[in-house]
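This report refers to the structure that appears directly beneath it.
The values are calculated or read from the model by the stated rules, or taken from the named source; none is laboratory data. Computed from a prediction, not measured in an experiment: that's the story for all the values here. Glycine also receives a Cβ, built like all others from the backbone with ideal geometry; neighbour counts cover every protein chain displayed.
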Amino acid sequence: MCGIVGYIGHRQAAPLILESLRKLEYRGYDSAGIAALHDGQVTVRRAEGKLKNLSTMLLREPMTGSIGIGHTRWATHGRPSENNAHPHRAGDIVVVHNGIIENYLELKRQLLKRGTHFSSETDSEIVAHLVAEKVAKGVDFLAAVQRTLREIRGSYALLFLNRRDPTRMIVAKNSTPIVIGSGEGEMFIASDIPALLDHTRKVAFLEDGEIAEVTLGGYRIFDGKGKPIKRPVKQITWDAVAAQKGGYAHFMLKEIHDQPRALADTFRGRIAFKDGNVALEDIKLTVNAVKQIKRIHLVACGTAWHACLVGKFLFEEIAGIPAEVDYGSEFRYRSPLMDPKSILLMVSQSGETADTLAATDIARAKKAKILSICNVIDASIPRKSDGVLYTHAGPEISVASTKAFTTQLTALYLLAVALGRKNGKLKALEARKLLRDLMHLPHWIEEALKLEGEVKTLARDLLHSRDFLYLGRGINYPIALEGALKLKEISYIHAEGYPAGEMKHGPIALIDEKLPVVVLAPRDRYFEKTISNLKEVESRGGKVVVITDDAKTAAEIPAFRVLTLPKASHYLTPIVMTIPLQMLAYYIAVLGGKDVDQPRNLAKSVTVE
Ligand code: AGP
C-alpha cells in the first residue's frame, strides 16, 4: 500500500514530511514525492526508488513552505517511475492517493474529451484534474472535493493541497486508512500511526465516506452528505513497532486480517458485471488467440504452487482449458510439451523467485505465450511476461504468505472467467453468477475471521502435537497442502496435506490419539465420502478437527472439534477454507514462542536456485 503524509504548522513542511515517510517505509514502495506550498507557489519533488533519492534531491533543491503533502508509492496502475510518482498536480490542485479508482478509465475518457492533458499513467492523476476543473470555475476547495468524490468509485485515501488556499488541506477516505494527528499549533495527516508518533499521540481516524478540512486550528469532519461529524480525539499508547503492525502482535496477523480489503482491491475495477465480463488491463489476448489455447502450464513455488493447483480446477471447469501444474524447480529441468498454442502462467508474490522465473526461457524457446500473476509491479517475472495480472494485496511483510495467496486465487478466478468468456465456454448469465459470488467474497472472509477465538483455543489444545495431517478433496485438496505448509514453516511442527481419499492407501497407518487430523469438509459433492474418511480416523482414536460450511450437520459430525465457516460458492470455498488454517498455524506458532514473521531458515523471496 502507498504511504501518505500531510503537514500544516509553523515549521518547514518538507523535512518533517520526509521523516514521516521514512516511518512508513515498512509498507514497501517504489517511488516517493513531496509537494510544499509557499507564497502562492507549489513546489513538487518526486524520485523513483528509495527515499534517499528524494532526500538527495531535497538537499540539492530545498523546498520551502509550512504546508505540504508527501507520498510513498506502491504501484498499482502505471509502472514505478518519477512521472508516475505522487504528488500529482493539475492546475492549482496537488493530490496524493492511496487505493484504486475503479472507474478511472471512464473518467479519463471524459476528461480527455474535455481536452485534459495527462502527464502520468496513474488513476490518481485523474482526481487532481477533476478537482482542479471545479476550483478553476470558482467552486470552493472543500466543495470541489466533495463533488469529485461523488464521481469516483473505488478505494481511496486522498489528500489535497490548493495553490490558492494555503490555510487548509482536504482529506477524504474510503476503504483505505487515513488518520489526523493534532499537534501543538500544527496538524498532521498520515496513512498510519507510525508516521505521527514523533509529533503527536492525539489522533482522529476518518471513516469510510468521510472528508475532513484540516487547518492550523484543527479539523472539521463531514459525512458523504456534507453533515458535520463530531470525532473525538483518541490517545495512542502504541510504541512505534506496534504501530507499524497496526496494533496487531505480528505482521502475519495484520495481513490475515487485511484479506477482505486485499481481495476487494484485487477484483475492484476489473468486473464489468452488466455483460458478465472481466477487464484485465495488462493482459491483451484476442478472442482468436484464446480460442487457440491448447493448454495452460501453471508454474510456481511453495504457497503460490498451491494456488496453481486450485487454478487448474478453475481453468478446466470454468474456461474449459486443459491445465497442468509444475513446481518451478521441476519445470526448469524437464522438457515440457509446449508450442505457440501453449500458455505459461507463472504465479509469484514477489515476482523474483528464481525457480519460477526460469520457466520463461523454456516457454520462449517453444514460442509459448507467457503470462504471470504477481504482487509487485515491474518485478522480474512480470517484466519477462507478455501479459500480467497484478494482485493488489499490498506489501506482504511476513515471510508466511497469507493475503498474497488468497489474492492469487482471486486473480486466477478472474482470469478463468475472462478466458471462459473469450473462448465462449462461459455464457454471460453464468459469468454474472460467478462475478456476483466474487463480490460476496470479502464478506465471507470477514465472517471466517470471526472464528479467531475458537481457532486460538484449538491451537492451545493442539500445541504439543508433533505431527499433523491435513485432508481435503477436489478443489480443496490444495488448501490442505497450504494449511500444512503454513503450520510447518512458522511453528516447525511437521505436517502434511493429503487427498482425503488417499488415507486408506497408507497414511491411515499413522493414526493414533496423538495425531491431529484437520479435515476440510465443505458441503460439496465429496461431503459424504469425506465424512466417512474422518469416521475411519475417528474410529482409530485419531484427533479429528473438521472445518465445514454446513452448520446444520456440524453438530452431528463425530470430531474432536468442528469449526463452521459461512457457506460460500463452490469455486471460492478454497479461499474461505484457507482462513482458519492460516490462523491455526499462526496461533500454534505464537503459543509455541516462535518468531512468526521471520521463521528460521526462510526468506520472503527465494531469488536463488
Ligand atoms: C509461503 O508461505 C512461503 N513464503 C513460500 O512458499 C512462497 O510462497 C514461495 O517461496 C513462492 O514465493 P513467490 O510467491 O514470491 O514466488
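Inside region 80-91, can you point out the residues that are surrounded by fewer than 19 Cβ atoms within 10 Å (Cβ to Cβ) and under 14 Å from A132 (Cα atoms)?
G91
If we scan region 407-417, do we find a residue that is of a type in the set (A, V, I, L, M), within 11 Å of the ligand (Cβ to nearest atom) and within 30 Å of Q244 (Cβ to Cβ)?
Looking through region 407-417, none of the residues is of a type in the set (A, V, I, L, M), within 11 Å of the ligand (Cβ to nearest atom) and within 30 Å of Q244 (Cβ to Cβ).
Out of region 379-421, which residues are of a type in the set (D, E, K, R) and either modelled with pLDDT of 95 or more or in contact with a strand residue (DSSP E or B) (Cβ under 8 Å, 6 or more places away or on another chain) (or both)?
Across region 379-421, the qualifying residues are K384, D386, K403, R421.
From the list E207, E184, which one is in a loop (DSSP other than H, G, I, E, B), without any contact (Cβ under 8 Å) to a residue 60 or more places away in the chain, charged (D, E, K, R) and within 23 Å of A242 (Cβ to Cβ)?
Answer to the check: E207.
Residue-wise test of (1) modelled with pLDDT under 85; (2) more than 16 Å from the ligand (Cβ to nearest atom); (3) in a loop (DSSP other than H, G, I, E, B).
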site: I508; (1), (2), (3): no, yes, no
site: E513; (1), (2), (3): no, yes, yes
site: D524; (1), (2), (3): no, yes, yes
site: E536; (1), (2), (3): yes, yes, no
site: P558; (1), (2), (3): yes, yes, yes
site: P566; (1), (2), (3): no, yes, yes
site: L572; (1), (2), (3): no, yes, no
site: L581; (1), (2), (3): no, no, no
site: P599; (1), (2), (3): no, no, yes
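Consider A368 against the criteria (1) among the hydrophobic types (A, V, I, L, M, F, W, C); (2) buried (at least 22 other Cβ atoms within 10 Å of the Cβ); (3) within 16 Å of the ligand (Cβ to nearest atom): it satisfies all of them except one. Which criterion is unmet?
Going through the list (1) among the hydrophobic types (A, V, I, L, M, F, W, C); (2) buried (at least 22 other Cβ atoms within 10 Å of the Cβ); (3) within 16 Å of the ligand (Cβ to nearest atom), A368 breaks only (3).
For L37, all conditions in the list (1) modelled with pLDDT of 95 or more; (2) among the aliphatic types (A, V, I, L, M); (3) closer than 27 Å to S398 by Cβ hold save one; what is the number of the exception?
The single condition L37 does not satisfy is (3).
Restricting to region 20-76, what's the tally of residues that are of a type outside the set (D, E, K, R), part of a helix (DSSP H, G or I) and closer than 22 Å to L196 by Cβ?
If we filter region 20-76 for residues that are of a type outside the set (D, E, K, R), which is where we start, we get 20-21, 24, 26, 28-29, 31-38, 40-44, 47, 49, 51, 53-59, 62-72, 74-76.
Going one step further and asking which of them are part of a helix (DSSP H, G or I), we end up with 20-21, 26, 51, 53-59.
The next check asks that each one be closer than 22 Å to L196 by Cβ; those that pass are 20-21, 26, 51, 54-55, 58.
Here the count works out to 7.
Can you find, within region 469-487, the residue that is nearest to the ligand (Cβ to nearest atom) among those that are without any contact (Cβ under 8 Å) to a residue 60 or more places away in the chain and within 9 Å of L581 (Cα to Cα)?
A484
Looking at region 297-332, which of the residues that are within 24 Å of R432 (Cβ to Cβ) and touching a Lys or Arg at 6+ places or on another chain (Cβ under 8 Å) is nearest to the ligand (Cβ to nearest atom)?
A323
Does S465 satisfy the condition of being of a type in the set (S, T, N, Q) and within 16 Å of the ligand (Cβ to nearest atom)? Give the steps one after another, and end with the answer.
Numbers: of a type in the set (S, T, N, Q): yes; within 16 Å of the ligand (Cβ to nearest atom): no.
Considered against the rule, which asks whether it is of a type in the set (S, T, N, Q) and within 16 Å of the ligand (Cβ to nearest atom), S465 comes out as no.
Give the residues of region 488-502 that are assigned to a helix (DSSP H, G or I) and more than 11 Å from the ligand (Cβ to nearest atom), sorted by residue number.
Selection gives S491, A500, G501, E502.
How many residues are surrounded by fewer than 24 Cβ atoms within 10 Å (Cβ to Cβ) and under 24 Å from F405 (Cα atoms) when one looks only at region 332-354? Break it down stepwise before answering.
Of all residues in region 332-354, those surrounded by fewer than 24 Cβ atoms within 10 Å (Cβ to Cβ) come to 332-342, 350, 352, 354.
Then keep just the ones that are under 24 Å from F405 (Cα atoms); that gives 332, 350, 352, 354.
Residues meeting the conditions: 4.
Evaluate region 428-436: report whether one residue or more is over 23 Å from K284 (Cα atoms) and within 20 Å of the chain's Cα centre (by Cα).
yes
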